[in-house]
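Comments concern the structure below.
The values are calculated or read from the model by the stated rules, or taken from the named source; none is laboratory data. These numbers come from a predicted model, not from an experiment. When we count neighbours, we look across all protein chains shown, and the Cβ atoms used for this are built from the backbone with ideal geometry, even at glycine. The area values use the complete protein model at the heavy-atom level, side chains included, leaving out ligands, DNA and RNA. Shrake-Rupley method; radii C 1.70, N 1.55, O 1.52, S 1.80 Å.
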Amino acid sequence: MARKRRSRASEFKPDPKAATWIKTFRLTAQQRLRLAKWLLYVLTIVGCLVVQDVIMSRIRLFGATTDLAVCAIIVIAILEGTEVGTLFVLIASTLYYFSGSAPGAYTIALLTFLTTGSVLLRQMYWRRSRGSILLFSGITVMLYEIGLFVVGTAVGLTIPSHLIAFVLTGAYSVLAMIPLYSLIYKIGLIGGNTWKE
């Protein structure tokens, strides 16, 4: 009987009294891969912002240029799906506004609502493929640029004759989205998908 009591007592060991911060924040291999994916997404958007503000803002073709950061935000959100993409586009559009590159605070609402609607429509009615993601991303960018024009005209920041420049900016952004999609898609494969259709 004394042996049974000793063996039962030795089965249970008390918890360690203190945990180090390294043990507390230990990540699994999958979590490290997903963290790397999101860091690469952030670096992609920051790179797009730098290229847009330093290089592309000086190059104008028929009075229009691209909107690379918006393209990257939209493609990432549509690629990630409704659960992750909608939260991402809200955070990213807010940070885009605070970066100083956005035309105004209304970009937060425009990007969030248009991209969320596109993500939902794409996921409800279309299979997940390169074509469907690029199609809905392109439609979203064009609607975003037209939305910027409508709000800018209502507020008095632009005049109705500049509509062509906004449409051309949307078209150039859609063209720039094709190589950008390849980079974002490769980054999105790191750590696996967060959702499956």
Quiz item: Which order do K186, K37 take by accessible area at a 1.4 Å probe, largest first?
Solution: K186, K37
Practice problem: Could you please put V151, V75 in sequence from largest to smallest accessible area, using a 1.4 Å probe? | Solution: V151, V75
Practice problem: Among I178, H162, V151, pick out the residue whose Cα is farthest towards the positive end of the charge dipole of the stretch 100-197, where Lys and Arg carry +1 and Asp and Glu carry -1 on C-beta, about the Cα centre. | Solution: I178
Quiz prompt | Long-range amide H partners of A64 with built H, under 5 Å | solution = none
Self-check item: Approximate spin-label separation A36-L121, in nm, with each point projected 7 Å along Cα-to-Cβ
Solution: 3.7 nm
